[in-house]
Structures are given as C-alpha cells and as structure tokens.
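The values are calculated or read from the model by the stated rules, or taken from the named source; none is laboratory data. None of these values were measured; they are calculated from a predicted model. With ideal geometry, Cβ positions are generated from the backbone for all residues, glycine too; neighbour counts draw on all protein chains shown. Heavy atoms of the whole protein, side chains included, go into the accessibility calculation; ligands, DNA and RNA do not. Shrake-Rupley method; radii C 1.70, N 1.55, O 1.52, S 1.80 Å.
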Amino acid sequence: MGKASRPYPTGHLRLYKTNRHREGQPLVVQIEYVVNSVPVRRASGVTVMEQDWDLKANRGRGGLRPGYGQGYRAVNNRLMKRLDSLDEQVAHWCEEHKGQMTAEVMKAFIDGTPATRPDKGIDFREFVETHLRNELDRSKIGQSVYHNGLSAMRMFAEFLKSCALGTYAPDRIYVSEISTALIDRHIRWRKEIKDNSDETINHALTPILKGCQQAMIEGYIPASLNAALQGMRIAKTVSLQKDEDANVRHLSKYELQKLIAFHGSDTEARRKEYIEMFLFATYACGLRVIDIITLQWSDIDLDKKTLNKIQVKTKNRNVVPLTAQASAVLDKWKGRHQRFVFGLLPDDFNLDDTKSLYHIRNAKTRGINQSLSVAGNKAGLEFALTFHVARHTFAVLSLNSGMEMTMVSQLLGHSSTEITEKVYAHFLPSKLRDEVLKIDLPSL
C-alpha cells in the first residue's frame, strides 16, 4: 500500500538553469511548490554555485553543502525556517478551504501577500498611515495629529523589530495579526524600555486603535476583537492632591501689566517682537501660534476692525473683532512685511504645503517659547511663559469679566462649547457665586 499524500502542498528548494545561464555563474535557489501538477517557483534571494548544492539535503528538500562557505549552516537554517513557515500557513489555509488551493493562491503565499487572508495581505502600519492621511485630507484631524500618528507608527515598528514580533518582516505584521496580547506587550515596552508616561502611551495608542476601528469596519478583524482593543488604554488615576486643570496657565491682569512693563524696558529687539506677537494673540481673542505664523495682511480689515482668518488647525473660518490694543500692535508692524504680518514666513511661502508648514511651526514655536520663557522670568512671572498662555489668558480673563461661555467658545474657534467648558469651566467660581446671590429666596 502506497504512502498517503499530504492534503496540502509542501515546499522544496531547487536549482534551475535557464537558457541565459553561463557556466561558472551562480544559480538562484528557488522556492518550489507543486499545486495540481503545476510548479510554482519564486526566487529565495540566495545564489549558489551548482557544485555547492545538495539536492538530497534536509530530507530531500535541498540545501547548501559546506563548500558554500563558513555561513552555510546559517543560510540553510534560514531557508528551512522560511519553508516551514510557509508550509504551516498553507496547511492552515487548506484546512479551512478544502480543495480550493490553486497556483495563483500559492504564488500569493510565497510573495507574502496572500489575497485569501481576511486582511488581503495588507500591512498594519501602512493601513493605519493611510487612514491617518484620509482623515487629514477630510479635515478630520490637523497636521500635528497626523504627524504625531506617523511618529507613533514608526515607534510601533521599532517595537516589533526590537522584540522580534514581526511576522512577514522584522518590523511588520498584517492587519489581522493585531491582538490584545500584542498591544499589551507594546504598552509594557513603552513603559519599561522607553520610560513613557501613561498619557504619552495613550496618545500613541490613538492612531493604532483608530486603525483597528477602521479595520473592523472594513471586515479585516472581528468586532469582538476591536471592542477588546478599544478598551486597552491605560486608565487615568484620579488624584485628590492635584487639580487636573492646573495645567491651564494664564496671566492675571496684574501679570499681563508686568509683561507689558518689561517689554517697554527690554533691549533685546527680537524678544520684544515675540512679546508683541504674544500680546496680539491675547488681544485678538486667543490666537494659536500657527495662526500668528500664517497671519496675512489680507486677513485683516482695518476699516471694519475685524480679523477674518481660516484657522490652520480646525480649517474653520473665524471672524473676531480687533480691539484697540490689537490695532495698536498692528500699527507697530505696518510696512515691515508685505504679505505675512509678523514676517515669520517668506512672502512666497505656499500655505498648501502642509508638510513644510508643520516643520516650520515646530521650529518657530521652539524659538518663540525660549524667548518668552526668558521674558517671563525677567518680568517676575512664577511659571515658564509659553505662547499658548496667551490663548488661556484671553479665555480666563473674558470668562471672569462675565462673557458667556458660548461667546468665548466662538471667539476661540472651538468646534463646540463642550471643549471650552471642559477646559475653562472651573474658572467661573466668582461668576457662579454672583448668579446664585441674585436668586431671591425667602429666609428661614
């Protein structure tokens, strides 16, 4: 009775000469599978002289002789490992798809992009980065979120490689190979090896988990797996000793006056200019640094005393009134630069070049914040002054002056009042107290 054939094809290593082969030249080692009597061959990336090849090595699968050189064992092991991995994948696929193996499917397996996989052989990192790009193009996210996402995926690839967790490549996995165990390992790697804070890790997980959500929508991973993945962020611990909103640094009117007084006596010309930009951002309803960088004279209507600008981060057009203080700063800058008010970009800069704008913003922000930090220290402030303090200063002083939350939200250019309330609601104790005292209730 003959030996029973396997229900799936197994791989071998073979040498084949072509008509172009010249004697004395090495031959390419081919990975070969025979499917329905049709040989499927792909180059292994290894070349060998014919006399250094043993057809019967590795139980007839083929292999290198010692004459190949000192590393022949390592090369043999690598080739066998690849064949064993392919055999395992093919066996598993054939078990689930009995009688459906074809030469085309086999080619896809050897090439590393099997079309029959649930994820169609799509790389996870590329899938997430494509999703990020699509979100950016639809203005769902801004440049900073996009580039932070790319950075997170580069770190994820480094994690796969350093922990030897890549599958078809050292730093790559397919979409359907994502798992809760892998994300848990990634979190521990970031904590223990990269010494990242919980907040940093959660930010880094955002593009990964959004990618998983999209993968579920497109049918590449089960909904149950996606649900488990979405719950893997590190839980925030509530501390009774620390107010979560304490990070909202702002200047009081007194501190603002101290900064203005220092500006008047400062002898460092560039630093004085950065202080003027900071003050203008405060006076012009809390502009972000990117909107100061990209502010054009065409955005300003001096007759109507309004600033009409598309905000870079949100892509929303925001119209704010120009106060006398804001107009006074603009008067200082009239005639200095033709296109951009504060001259932080060259006149011929293309604002649609978002990649260049992102890098320029980072560089300019660092320089501005360094100067502002020195200015704040010299002015006697108790914390490091940064440009974003201007935005907080406008919001807090406006709210404490009695401006309605919805108006502050509109002037800041927030997409919803919820964002404004989340950040600034706790700055209203005096206003809330005044409102409560207005209630005319009978006494005991």
Subject >> Near pairs, Cβ below 9 angstrom, 6+ apart or cross-chain, from region 298-315 (on the phi > 0 side of the Ramachandran plot) to any residue that is β-branched (Val, Ile, Thr) >> reply: Lys305/Thr323
Original post:
List pairs: first in region 53-67 and without any contact (Cβ under 8 Å) to a residue 40 or more places away in the chain and among the aromatic types (Phe, Trp, Tyr), second assigned to a strand (DSSP E or B) and open to solvent by less than 40 Å² (accessible area, probe 1.4 Å), Cβ under 8 Å, 6+ apart or cross-chain?
Top reply: Trp53/Leu15; Trp53/Leu27; Trp53/Val29; Trp53/Gly63; Trp53/Leu64
**OP:** Return yes or no: is His388 modelled with pLDDT of 90 or more and over 30 Å from Leu136 (Cα atoms)?
**Re:** no
Subject >> Check on Gly376, modelled with pLDDT of 85 or more and loosely packed, with under 14 Cβ neighbours inside 10 Å >> reply: no
Subject >> Given (1) open to solvent by 20 Å² or more (accessible area, probe 1.4 Å); (2) in a helix (DSSP H, G or I), index of the condition Thr167 fails >> reply: (2)
Original post:
Of the residues that make up region 360-377, is at least one farther than 24 Å from Lys315 by Cβ, in a helix (DSSP H, G or I) and of a type in the set (D, E, K, R)?
Top reply: yes
Original post:
Which helices (runs of 4 or more DSSP H) sit wholly inside region 249-342 and have at least 2 residues that are open to solvent by less than 40 Å² (accessible area, probe 1.4 Å) and within 29 Å of Ser356 (Cα to Cα)?
Top reply: 269-283, 289-293, 324-333
Original post:
Does Leu27 satisfy the criteria of being surrounded by 15 or more Cβ atoms within 10 Å (Cβ to Cβ) and at pLDDT 90 or above?
Top reply: yes
Original post:
If you check every pair at least six apart or on different chains, which have Cβ atoms under 9 Å apart with a residue in region 75-92 that is of a type in the set (A, V, I, L, M) first and a residue that is open to solvent by less than 20 Å² (accessible area, probe 1.4 Å) and in a helix (DSSP H, G or I) second?
Top reply: Leu86/Phe109; Leu86/Ile110; Val90/Met106; Val90/Phe109
Subject >> Filtered residue count, region 130-154, keeping only those that are over 10 Å from the mean Cα position of the chain (by Cα) and open to solvent by less than 80 Å² (accessible area, probe 1.4 Å) >> reply: 8
Original post:
Out of curiosity, is Ala57 small (Gly, Ala, Ser), at pLDDT 90 or above and closer than 24 Å to Thr167 by Cα?
Top reply: no
